Amino acid sequence: MSAGADDRGQVERLWTAPDGTVCLLETGAEPPTYSLTMVRGAQILRERRLYVRATAQMIALSWAEAGS
């Protein structure tokens, strides 16, 4: 995920698992890009960069169903 506040887009929490795992969707500016990140504490478990929001949401759902 982007380091600078000016570079960051909107960040949305898609889901949180009982073990504290969180799935975040960050929207980038140009071209419209979506960074999907699954984290537990400070550890990044999975990360994908996509160009279609619906695809990012489907992947996030599959991650939640898989249990991480």
Report, by residue number, each residue of the stretch 33-44 that is over 11 Å from the mean Cα position of the chain (by Cα) and surrounded by 12 or more Cβ atoms within 10 Å (Cβ to Cβ).
33, 40
From the list 61, 25, which residue is at pLDDT below 95 and surrounded by 12 or more Cβ atoms within 10 Å (Cβ to Cβ)?
61
Residue 5 is checked against (1) among the aliphatic types (A, V, I, L, M); (2) touching a helix residue (DSSP H, G or I) at 6+ places or on another chain (Cβ under 6 Å); (3) modelled with pLDDT under 90 and fails just one. What number does that condition carry?
(2)
Write out, first by first residue and then by second, each pair whose Cβ atoms fall under 8 Å of each other, whose residues are 6+ apart or on separate chains, and whose first residue, in the stretch 23-35, is over 13 Å from residue 47 (Cβ atoms) while the second is surrounded by fewer than 18 Cβ atoms within 10 Å (Cβ to Cβ) and among the small types (Gly, Ala, Ser).
27/9; 28/2; 28/9; 29/9
Tell me which residues, restricted to the stretch 33-63, are in contact with a Lys or Arg (Cβ under 8 Å, 6 or more places away or on another chain) and not aliphatic (A, V, I, L, M).
33, 34, 35, 37, 63
From the option list 56, 66, single residue qualifying as buried (at least 17 other Cβ atoms within 10 Å of the Cβ), at pLDDT below 95 and of a type in the set (Gly, Ala, Ser) is 56
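The values are calculated or read from the model by the stated rules, or taken from the named source; none is laboratory data. For clarity, every value in this text was computed on a predicted model and none was experimentally measured. Quick reminder, even Gly has a Cβ in these numbers, built from the backbone with ideal geometry, and neighbours come from all protein chains shown.
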